[in-house]
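Step one of this worksheet: look at the structure below.
The values are calculated or read from the model by the stated rules, or taken from the named source; none is laboratory data. Everything numeric in this text was worked out from a predicted model, so none of it was measured. Ideal geometry is used to build each Cβ from the backbone, glycine not excepted, and the neighbour counts take in all protein chains shown.
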Amino acid sequence: MDLKDTIRTIPDFPKPGIIFRDVTTLFKQPQAYKQLIDGMVTSLAGRQIDLVVGPEARGFVIGSALAYALGAGFVLARKPGKLPCETIRYEYALEYGSDALEIHADSITPGQSVVLVDDLLATGGTALATIRLIEQAGGKVAAARFAIELCDLNGRERLRGYDVEAVLQY
């Protein structure tokens, strides 16, 4: 199955000139969803992975399935104020302003092997922020995996030095 056939393309969303790649249409198709996760599992073959970290919200959908398939734990990276216990935070710059992600302070044990997973690698800002959180907690970033990479936005360049793969590239 060509997974690109399962991705809905929406022009001019969320603003004019943007082409939005909607993975929710892939998620609702069992064979496509399985193929996506299986592809990520295959790319990590032979590695001991302790945890998968996924930023909200689509990172939860892919990350929890990947963690299950790998026999690993799953850690949620959330927007500030969403987690109930002590957190660690990483703030990062956006084109206009800033944002932040948090994980529970006790979610990663120093030295654990961790995979970052999300639906999209665009400019790399969210991915790099998540990597910084993992490292701040003492985790070792084993890899970063994405369903889609928007190659013309050069997000991979911001993640230089890390093992980065995307199942689909546009």
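Key figures for this structure:
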{"quantity": "Number of the condition not met by Thr109 [criteria: (1) in a helix (DSSP H, G or I); (2) over 26 Å from Thr9 (Cα atoms)]", "calculated": "(1)"}
{"quantity": "Lone qualifier among Leu133, Leu116, Leu153 - being under 17 Å from Leu51 (Cα atoms) and more than 12 Å from the chain's Cα centre (by Cα)", "calculated": "Leu133"}
{"quantity": "Entirely in the range 16-80, the strands (runs of 3 or more DSSP E) that have 1 or more residues that are touching a helix residue (DSSP H, G or I) at 6+ places or on another chain (Cβ under 8 Å) and farther than 14 Å from Val167 by Cα", "calculated": "51-55, 73-77"}
{"quantity": "Identity of the residue in the range 120-153, part of a loop (DSSP other than H, G, I, E, B) and touching a Ser or Thr at 6+ places or on another chain (Cβ under 9 Å), that ends up farthest from Asp106 (Cα to Cα)", "calculated": "Leu150"}
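Let's see how each residue does on (1) at pLDDT below 95; (2) at negative phi; (3) in contact with an Asp or Glu (Cβ under 8 Å, 6 or more places away or on another chain):
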position	(1), (2), (3)
Ser98	yes, yes, yes
Ala105	no, yes, yes
Ile108	no, yes, no
Ser113	no, yes, yes
Asp119	no, yes, no
Glu135	no, yes, no
Arg145	no, yes, yes
Leu150	no, yes, no
Arg160	no, yes, no
